[in-house]
Structure formats: C-alpha cells, structure tokens
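The values are calculated or read from the model by the stated rules, or taken from the named source; none is laboratory data. Keep in mind it's a predicted model, so treat the numbers as computed, not measured. Counting neighbours? That spans all protein chains shown, and the Cβs are built from the backbone with ideal geometry, glycine included. For accessibility, only protein heavy atoms count, side chains too; no ligands or nucleic acids. Shrake-Rupley method; radii C 1.70, N 1.55, O 1.52, S 1.80 Å.
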Amino acid sequence: MHYLDYAATTPVPAEVAQAMAAVLTEHYGNPSSQYELGRRAKDLVNRSRAVVAGALGCASEQLFFTSCGTEGDNWAIRAALYQNRRVGRHIVTTAVEHSAVLQCVKRLEQEGCSATYLKPDNAGRITAEQVADALREDTALVSIMLVNNETGVRFPVEEVAALLQDRPTLLHTDAVQGFLKVPFTVKTLGADYITLSAHKIGGPKGIGALYAGGRAKPPQSLLYGGGQESGLRPGTEPTAQIAGFAKAVALRLERLEETLAHLSACKSYAIEKLRAIPDLRFIGQGDAPHILSVSLPGYPSQNIVSELDAKGICISAGSACHRGKASHVLTAMGLDKKTAAGTVRVSFGPETAFEDIDALAAALLEHKTTRFPML
Ligand code: PLP
C-alpha cells in the first residue's frame, strides 16, 4: 500500500501504541481516584499535559485536553464570544476554514451572531489587510487557521495578532495542520486560543487540545459535569489517548528537524515527478511541507481517487471531510469548475518513501492517458 493521505490522518508509531497499551492494561486507574492507581493515572495526565504544553511553549494550566480538533475549535469560538459578550457578536473568519470552524460559525449566525467570511485569492492566500478591513467595533473574535488542510497555505496569524493588540477582539487559530509542521510557539504566534489534534502527528484519534492564554480567560465550559480539566472540560480523562498524544509529540520533537526535512524532500520530489504529467496543475503551492494539491483539469477527482485506491494508493479528493461535495476551499479560491473538480490532495508523513511517490506519479499518468476527460 502507498499511503499518501497524512493530512487526513496518520499511522501511530509502535512506541505510541505501546505507551497506550500500557495505560489500558496496567495504569488504568481513574485519575480522580484517591488510591495509588488513580494517583499514578493523574500523574500521567499531568506529565502528558506538560509535554504537549512544552511543544507549544505554554504553561500546563493553559492547555486543556479535548476529544478532537473539532471540539477545540467549537470550544474556542464559543468561549471567545462568551468572554467578549459585551464587545459584540461579530466574527471574522475565512471562507476556507475547516468545517469544524465554518459550521460552528454558521450555527452561531442562527443564534444571532453575524459573520464575515474572508475569501482567498486564487492561490489560496488571505492577507492581514483583509482581516483589518473586516474588523468592526463589535467584532468579538477573529478565527483564522494556521495552515489550510486542502492547499497547505499558511495564513498570517502573527500579523493578525499584531493587528488586534490594542482591540478587545480575541484571536483563535486552528493549528491542527500546522502543529509540528510549521514552527511556532504561543509567543511567536500571539493567538489567544490555539486548537490541536493528535491524529495528524502520529497520535491516536479522539484526542486534541485547546490552548487558552494571552488575553483569553479560562474558557467557559461547553459541558457540565465533574471537576476534570480544572472543571472546564468534565468527563473522565481518556488516559490512554492522552498518553499516546504526549508520546507522539515527544517522538516528533525528538526528530523534528529530520522529519521536516524529510517532508520537504518528499514534496519537492513529488513536484518534480508530477510536473512531467501533461496539463497537471499545482494548486495553491502551499507553504506547509506535508501538503500538495494538484489538479488534472477535466478528470473528476472522485474517479482518480477510486482508480488509485484499486492500485493501493491512498490520496484524497480535496479534504477527506467533504467527500462527494465540491470543495468549499477550491470554490472560494475561484478555480474554474474543471480544475476544482479534478483536484486531489497528496500529503506526506515521516513514513513516506520516494517509491510511494513514484507509484502515485505512474498511476496519475496512466489515469490521464487511459481515461477520457469530462467535456
Ligand atoms: N481543523 C483542521 C484544519 C483539520 O484538518 C481537521 C481534521 O481534518 C480538524 C480541524 C478536525 O480535527 P479532528 O479530526 O481531530 O476533529
């Protein structure tokens, strides 16, 4: 098999699986329990939090575990609106956010908020000036992602943070695709809320984290229950997932330079190989080292994905979360219909080998030469 869909999810390295298995079978205590087994589990959660917080450069108290990136996005947005309820109910975001942000903002519009959705240019870029122009007196929140999950384009979060310095408007960034792919710390980024998800960096699915710091107060709870996560995110801690998340972060940090160099090398190699395919277009030319978006205009991406699937090659048509529907990202970029419909996303990870890319290039070329284009 040639797995080239690391932006959708990643395999868990053996060390991560082992760390999780040890928690499930040996250190299975409930962190709230008062005896040794519970105390050990609590200690494990605390140590894991320190590892993830360390990777962001924040204090452990500013980091809350969540069930996924989607929860972190929803929580940050609602928490910011609650904190800024006296400022207003206007949100500035982009038309190319992940649906975890877009659908949350759409829901808030139904609840009486208003929103401005910034459109990218046809390379997928958004500028800080666009954000500045959209700000209003009643703007409670700007939510702008760090790295777009379809194009790999990095957005100017630092510049937006600088813009908001003297205003009450809070800043959230969905860093699910940027974490440990593009360098940043909470200090360099300057966002008040940062969302992470473990399964994009070799951690398990079903665990993420939300940083709330800067001008953000401890985030108003979405759930009501026990006292876990400082009483702000109740529910018995998923200790195995938390341990797996921390192990994945530690492993990536240990080999960060090497991994990033490998991702960049894979991307450059793929660009070189795919360039040889007649009429193939590169979309967005994203900055993130792990994402490459390409189009075979006229050749529907769903067909490409299924034909490659039959050859054991896994890639995605746009984003894995929008199967079957025209990608809102490509539509917002103003791509013509044929180019948008023919766009596929290839993404790389530490385990990617150049042979995987050779197989991809050969299969795309074969598709292009043996199938009829859509008229
Ligand atoms: N945000 C971005 C940019 C993503 O790419 C994803 C997942 O694809 C998410 C949020 C959602 O994360 P999760 O799958 O952990 O809910």
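Is it true that Lys247 is buried (at least 24 other Cβ atoms within 10 Å of the Cβ), at pLDDT 95 or above and away from the ligand (no atom under 16 Å from the Cβ)?
Yes: the conditions hold for Lys247.
Name every residue in the range 59-80 that is open to solvent by 20 Å² or more (accessible area, probe 1.4 Å) and either outside any helix (DSSP H, G or I) or more than 16 Å from the ligand (Cβ to nearest atom) (or both), in order of residue number.
Narrowing the range 59-80 to residues open to solvent by 20 Å² or more (accessible area, probe 1.4 Å): 59-62, 67-68, 70-71, 74, 78.
Within the range 59-80, Ala59, Ser60, Glu61, Gln62, Ser67, Cys68 qualify.
Within the range 283-293, does at least one residue satisfy the condition of being closer than 30 Å to Glu15 by Cβ, out of contact with any helix residue (DSSP H, G or I) (no Cβ under 6 Å at 6 or more places or on another chain) and in a helix (DSSP H, G or I)?
no
Is it the case that some residue within the range 325-340 is in a loop (DSSP other than H, G, I, E, B) and either open to solvent by 80 Å² or more (accessible area, probe 1.4 Å) or farther than 26 Å from Ile126 by Cβ (or both)?
Yes, that holds for at least one residue.
Return yes when Val153 is within 16 Å of the ligand (Cβ to nearest atom), farther than 22 Å from Glu71 by Cα and buried (at least 23 other Cβ atoms within 10 Å of the Cβ) and no when it is not.
Considered against the rule, which asks whether it is within 16 Å of the ligand (Cβ to nearest atom), farther than 22 Å from Glu71 by Cα and buried (at least 23 other Cβ atoms within 10 Å of the Cβ), Val153 comes out as yes.
Please go through the range 163-201 and give me each residue that is in contact (Cβ under 8 Å) with a residue 40 or more places away in the chain, of a type outside the set (A, V, I, L, M, F, W, C) and buried (at least 22 other Cβ atoms within 10 Å of the Cβ), ordered by number.
Across the range 163-201, the qualifying residues are Thr169, His172, Asp174, Gln177, Gly178, Lys181, Asp192, Tyr193, Thr195, Ser197, His199, Lys200.
Looking at (1) within 16 Å of the ligand (Cβ to nearest atom); (2) farther than 22 Å from Val96 by Cβ, which is the only condition Leu256 fails?
Result: Leu256 passes all but (1).
The conditions are (1) part of a helix (DSSP H, G or I); (2) open to solvent by less than 60 Å² (accessible area, probe 1.4 Å), and Pro297 fails exactly one of them. Which is it?
Only one criterion is unmet by Pro297, namely (1).
Restricting to the range 96-139, what's the tally of residues that are within 16 Å of Ala162 (Cα to Cα), in contact (Cβ under 8 Å) with a residue 40 or more places away in the chain and either within 16 Å of the ligand (Cβ to nearest atom) or among the hydrophobic types (A, V, I, L, M, F, W, C) (or both)?
Of the residues in that region, 2 qualify.
For the range 30-46, state whether one or more residues are part of a loop (DSSP other than H, G, I, E, B) and crowded, with 18+ Cβ neighbours inside 10 Å.
Yes: one or more hits.
Suppose the filter is open to solvent by 10 Å² or more (accessible area, probe 1.4 Å), within 13 Å of the ligand (Cβ to nearest atom) and either within 24 Å of Arg39 (Cα to Cα) or not in a loop (DSSP other than H, G, I, E, B) (or both); does Gly206 pass it? Quick ask: steps written out before the conclusion?
Numbers: open to solvent by 10 Å² or more (accessible area, probe 1.4 Å): yes; within 13 Å of the ligand (Cβ to nearest atom): yes; either within 24 Å of Arg39 (Cα to Cα) or not in a loop (DSSP other than H, G, I, E, B) (or both): yes.
It is true that Gly206 is open to solvent by 10 Å² or more (accessible area, probe 1.4 Å), within 13 Å of the ligand (Cβ to nearest atom) and either within 24 Å of Arg39 (Cα to Cα) or not in a loop (DSSP other than H, G, I, E, B) (or both).
Picking from Glu109, Glu158, which residue would you name as being surrounded by fewer than 17 Cβ atoms within 10 Å (Cβ to Cβ) and touching a Leu at 6+ places or on another chain (Cβ under 7 Å)? Outline the logic, then answer.
Working: Glu109 fails: touching a Leu at 6+ places or on another chain (Cβ under 7 Å).
After applying the criteria, what remains is Glu158.
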